[in-house]
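Working notes, beginning with the structure itself.
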Amino acid sequence: MYNKPSILLILLNFFEILALLAGIINYNNIKKTYWKWFVVYLIIIVIYELFGVKIFNYFNIEERISFSYFIVPLEFLFFIWLYALKSLKKEKLFITCSCIYILSFFPNLSILKGKFIFDSFNYMIGALIMLILVSLEFLKQIKNENILMFNQNKMFYINIGIILFYVGNLPFFGLYYPIMKEPKIWNLYYIYFMISNCIMYFLFAASFIWGKPKS
């Protein structure tokens with residue numbers, strides 16, 4: 001039997017809103033930098049989490065479709081942009097990673113025929129890309145003489161959050177269908193999925209509070 005404790009969803013919404021509020025409160029410090037788009041991203045995420053199902057249902061779009069073909073791609077493409085283009089400043093890496101991720105959707109166009117539940121292949125490709133970008137970001141931070149001031153580095157907090165959630169949940173969604181056949185294992189992964197999600201948004205809030213933006 002699959003178990004989704006409602007308290008975990010409440011906690012997730014709390015930390016998502018916390019991250020957004022932290023971004024809004026500190027908006028004056030980031031409004032002239034690319035970090036302002038992080039606030040916009042969080043606004044979209046919070047609106048979807050609170051009202052997205054009703055909004056998409058109004059247009060007769062199922063939740064699984066809106067989540068897998070709107071929210072998940074938005075998340076991955078946003079962080080590819082943040083890591084590759086803005087933090088690592090590698091335009092070719094940004095274009096390459098974006099194209100690879102977008103192309104990963106083509107083998108699974110059966111969604112249009114109603115055969116889709118969760119596109120684990122797309123998530124696996126996206127998570128692998130994030131693993132590469134996170135590794136490159138850590139190497140950049142280690143080589144930087146400002147490593148001792150890591151607590152003021154916004155990407156330090158984001159990096160940890162991305163590792164815990166996107167990379168940490170790679171087995172869950174990369175092997176989603178086999179795991180679904182084992183409800184007990186699925187339930188354990190789901191708990192980690194939700195807890196790591198909460199921690200990630202808490203770290204996003206921390207990046208706004210303690211991190212210093214760079215234009």
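The values are calculated or read from the model by the stated rules, or taken from the named source; none is laboratory data. What you are looking at is a predicted structure, and each value in this text was computed from that prediction instead of being measured. Neighbour counts are summed over all protein chains in view; Cβ atoms, including those assigned to glycine, are modelled from backbone coordinates with ideal geometry.
Within region 174-213, the set of residues being out of contact with any helix residue (DSSP H, G or I) (no Cβ under 8 Å at 6 or more places or on another chain) and among the charged types (D, E, K, R) comprises Lys181, Glu182, Lys184.
Condition first: polar (S, T, N, Q) and assigned to a loop (DSSP other than H, G, I, E, B). Now tell me which residues in region 1-32 satisfy that. The answer is Asn3, Asn26. Against the conditions (1) at pLDDT below 95; (2) over 17 Å from Phe78 (Cβ atoms), Pro213 satisfies every one except (2). Screening region 33-109 for helices (runs of 4 or more DSSP H) wholly inside it with 2 or more residues that are closer than 22 Å to Leu20 by Cα and hydrophobic (A, V, I, L, M, F, W, C) returns the ranges 36-47, 53-58, 72-80.
Residues in region 4-32 that are β-branched (Val, Ile, Thr) and more than 14 Å from Ser207 (Cα to Cα): Ile7, Ile10, Ile17.
Here Ile95 meets the list (1) modelled with pLDDT of 75 or more; (2) in contact with a helix residue (DSSP H, G or I) (Cβ under 7 Å, 6 or more places away or on another chain) almost entirely, failing just condition (2).
It is to be established whether one or more residues within region 135-151 are under 20 Å from Leu85 (Cβ atoms), without any contact (Cβ under 8 Å) to a residue 40 or more places away in the chain and within 17 Å of the chain's Cα centre (by Cα).
As a first pass, look at region 135-151 and keep what is under 20 Å from Leu85 (Cβ atoms): 135-141, 143-144.
Next, from what is left, pick out any that are without any contact (Cβ under 8 Å) to a residue 40 or more places away in the chain: 135, 138-139, 141, 143-144.
Remaining after also requiring within 17 Å of the chain's Cα centre (by Cα): 135.
Taking every residue of region 135-151 in turn, at least one turns out to be under 20 Å from Leu85 (Cβ atoms), without any contact (Cβ under 8 Å) to a residue 40 or more places away in the chain and within 17 Å of the chain's Cα centre (by Cα).
Of all residues in region 168-194, those that are in a helix (DSSP H, G or I), surrounded by fewer than 16 Cβ atoms within 10 Å (Cβ to Cβ) and of a type in the set (A, V, I, L, M) total 4. Of everything listed in (1) over 18 Å from Ser196 (Cβ atoms); (2) surrounded by 15 or more Cβ atoms within 10 Å (Cβ to Cβ); (3) among the aromatic types (Phe, Trp, Tyr), the single unmet condition for Tyr2 is (2).
Between Ile80, Ile65, Ile100, which is in contact (Cβ under 8 Å) with a residue 24 or more places away in the chain, surrounded by 14 or more Cβ atoms within 10 Å (Cβ to Cβ) and under 25 Å from Lys154 (Cβ atoms)? Ile80 is the lone residue from the list that is in contact (Cβ under 8 Å) with a residue 24 or more places away in the chain, surrounded by 14 or more Cβ atoms within 10 Å (Cβ to Cβ) and under 25 Å from Lys154 (Cβ atoms).
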